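See structure below.
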Amino acid sequence: MKLKSKNSKNKGKFGIRIGWKDIILYGFLFIFLVFVTLGFSGVTNESGSQKVPLSQVIADVDSGKIKEIVVSDNSLEIKYKDGKEAVSNKEPGASLYEILQNSDVSPSKTKITIKDNSGLNTVFGVLTAFLPILIIIAFFYFIFRKAKGAQENIFSFGASKAKAFNKVFPKVTFNDIAGADEAVEEMSEVVDFLKHPEKYTKLGARTPKGVLLIGPAGTGKTLLARAVAGEAKVPFFSIAGSEFMEMLVGVGAARARDLFDKAKKNQPAIIFIDEIDAIGRTRGGGMMGGHDEREQTLNQILVEMDGFTPREQIVVIAATNRPDILDSALVRPGRFDRTIVVGYPDIEGRREIIKIHAKGKPFQKSVSWESVARRTVGFTGADLENMLNEAAILAARHSKNDIDEKDIEEAATKVKLGPQKKRMQSDHDKEITAYHESGHAIVSYAMPHTDPVHRISIVGRGMSLGHTLIPPSQDRVHETKIRLLEHIATMLGGRAAEEMVFSKDEITTGAADDIEKATEFARSMVTSYGMSNIGAINLDYEKTATMYGETSRMSESMRTKIDNEVVRILDDGMKRAVEALRKNRKSLDNVAESLLKKETLDAEEFIKLMTGEIKKSAPKKIAASIK
């Protein structure tokens, strides 16, 4: 059962909680005040009777016009013989009989009825005397009660904010997960541990204390933990790493203790800590040393996990996409016994994930899930779900009854590059963009080890004015040196095309992102992969953090060698790109001209242009006037 505040529905606009008892109390006080104010007024004037002076009443009694006078304390209700009614007042303490006699008027000329309000007046007097005191007491009761609530909130900082699931489990099981078969198999054993512990304890095995899920964002780590909760059907406590931290010192450690105490009381149980890197970073790197609040929280978690006895059936599941920064004491066996990598799904996994998320959406029969799976190399499960959702939105926008492959293709491009943006561009700008994207495509086509071009467009998306999509044709575990060098040449193909067609003085800033990525590739080849003249040595470090700042671990001469190697690789890539474009100069003009006409070319159209299946007359030299 998901725990939440019982008064959460009665929160006001400013976060003030008002319970049903408060509503009854305040309603009673309001009604009481209205009743006291309007109900104890002696003689009421509900009928709208005219008020007359006492002298007029005496004169009317003497003339025999009054049928009856009702005396209520100092108020007089007069009923005339003609049916009229009026009200008047007499002096306090004076008798109406004495008043009439002193005025030489016989009281026997009218009927006088005395209404006894002594008891009511006594109650009214007591209430009038004590009502201010009661109001003051109620006011201070309200103030002290709120102050007590605030005090409880202060002391409840140490309470865990974990969401607890007990009887109502998330409707997610292992059947809802695809593309992570190895991870599901590992987690299935954890579920079996919790369901049938005796099967393992009789062989001397103990329940794993912790399972660490690592992998890129969107690969399904949190979904896997929810599936474990749905399968195991044991108390499940879910919390994010950032929820341990608070502005008060010691709160994180207190919340960690409280969380584990709750789990121990409900064992067998599962604790899920999402984004554990928020508190599990390597200790000793902060300026505050061991007194850092984050480190105190981490220390408490380490103690709690190490304090489990073999009989305690509590499993901690943690997820992160930054395993490299976690403290070594946290990830050692005995705390996190298992480390499960949840990576990008392969083609089989993507096909299964697509089938899961395609349920409930109408697709045309012509849609090939095999081609969609091949098209989406590098997509995570979250990307695939978002892609199909965007495809459904796109089809609905065009009032279609079902989703076709074009919708899926546009959605896949949108997920990776962003939505289309029709920017106002001059003809010259469009021309530069067309040659730039054509340069990427033709250099890629000329390289023997690169993947085929999937799509070329001069329609802006995100921050770019155009794009050339070259998705991997298959899932690869390794990248070779020749493929990396060809990839660098392809990324520099846009700049090479600009220089070849428009001269070096006409090059634009559009190649900035290409140059940045090519430089990152080249530097990784030198510093991480050992693919340079420097040799097979890891140089992927620049500075190391200490309590007092950062110190360099690399000599100036080595930095110079690295920079020289990076420049050499980039220069070679540019030369290869220029050479490829010179050999395909005519094709460069043809592809650019087609882009200016159609704005987007698919793989089939591009191949026809490159192989000459579409015969063209002398290609128009679009940029001849500005060379």
Pairing a residue in segment 198-216 that is charged (D, E, K, R) with any residue that is open to solvent by 20 Å² or more (accessible area, probe 1.4 Å), where Cβ atoms lie under 8 Å and the two sit 6 or more apart in sequence or on different chains, gives Lys199/Asp192; Arg206/Tyr200; Arg206/Pro310; Lys209/Arg335; Lys209/Asp337
Within segment 439-455, does at least one residue satisfy the condition of being of a type in the set (S, T, N, Q) and touching a residue at least 60 places away in the same chain (Cβ under 8 Å)? no
For segment 70-85, state whether one or more residues are of a type outside the set (Gly, Ala, Ser), out of contact with any Asp or Glu (no Cβ under 9 Å at 6 or more places or on another chain), part of a loop (DSSP other than H, G, I, E, B) and surrounded by 16 or more Cβ atoms within 10 Å (Cβ to Cβ). yes
Close pairs (7 angstrom Cβ cut-off, 6 or more residues apart or separate chains): farther than 14 Å from Leu213 by Cα and touching a residue at least 40 places away in the same chain (Cβ under 8 Å) in segment 319-337, surrounded by fewer than 16 Cβ atoms within 10 Å (Cβ to Cβ) and acidic (Asp, Glu) anywhere: Gly334/Asp306
Does Ser368 fit the bill of being within 30 Å of His454 (Cβ to Cβ) and among the hydroxyl-bearing types (Ser, Thr, Tyr)? yes
Subset of segment 439-482, residues β-branched (Val, Ile, Thr) and in contact with a helix residue (DSSP H, G or I) (Cβ under 6 Å, 6 or more places away or on another chain), comes to Ile442, Val443, Thr450, Val453, Ile456, Ile458, Thr468, Ile470
For Lys406, state whether it is surrounded by fewer than 18 Cβ atoms within 10 Å (Cβ to Cβ), touching a strand residue (DSSP E or B) at 6+ places or on another chain (Cβ under 7 Å) and not aliphatic (A, V, I, L, M). no
Just name the residue that is modelled with the highest pLDDT out of those in segment 298-313 that are touching a Lys or Arg at 6+ places or on another chain (Cβ under 8 Å) and farther than 14 Å from Arg257 by Cβ. Glu312
Can you name every residue in segment 417-445 that is open to solvent by 70 Å² or more (accessible area, probe 1.4 Å), more than 20 Å from Lys504 (Cα to Cα), at pLDDT below 85 and not hydrophobic (A, V, I, L, M, F, W, C)? Gln420, Lys421, Lys422, Arg423
Could you list all residues from segment 446-462 that are within 26 Å of Lys481 (Cα to Cα) and surrounded by fewer than 22 Cβ atoms within 10 Å (Cβ to Cβ)? Ala446, Met447, Pro448, His449, Thr450, Asp451, Pro452, His454, Arg455
Just need a number here: residues in segment 491-505 that are buried (at least 19 other Cβ atoms within 10 Å of the Cβ), over 7 Å from His436 (Cα atoms) and of a type in the set (Gly, Ala, Ser). 2
All helices (runs of 4 or more DSSP H) inside segment 304-393 with 3 or more residues being open to solvent by less than 10 Å² (accessible area, probe 1.4 Å): 347-358
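The values are calculated or read from the model by the stated rules, or taken from the named source; none is laboratory data. Quick caveat: nothing in here was measured; it's all calculated off a predicted structure. FYI the Cβ positions are ideal-geometry reconstructions off the backbone, even for glycines, and counts take in every protein chain you see. SASA here: full protein model, heavy atoms, side chains in, ligands and nucleic acids out. Shrake-Rupley method; radii C 1.70, N 1.55, O 1.52, S 1.80 Å.
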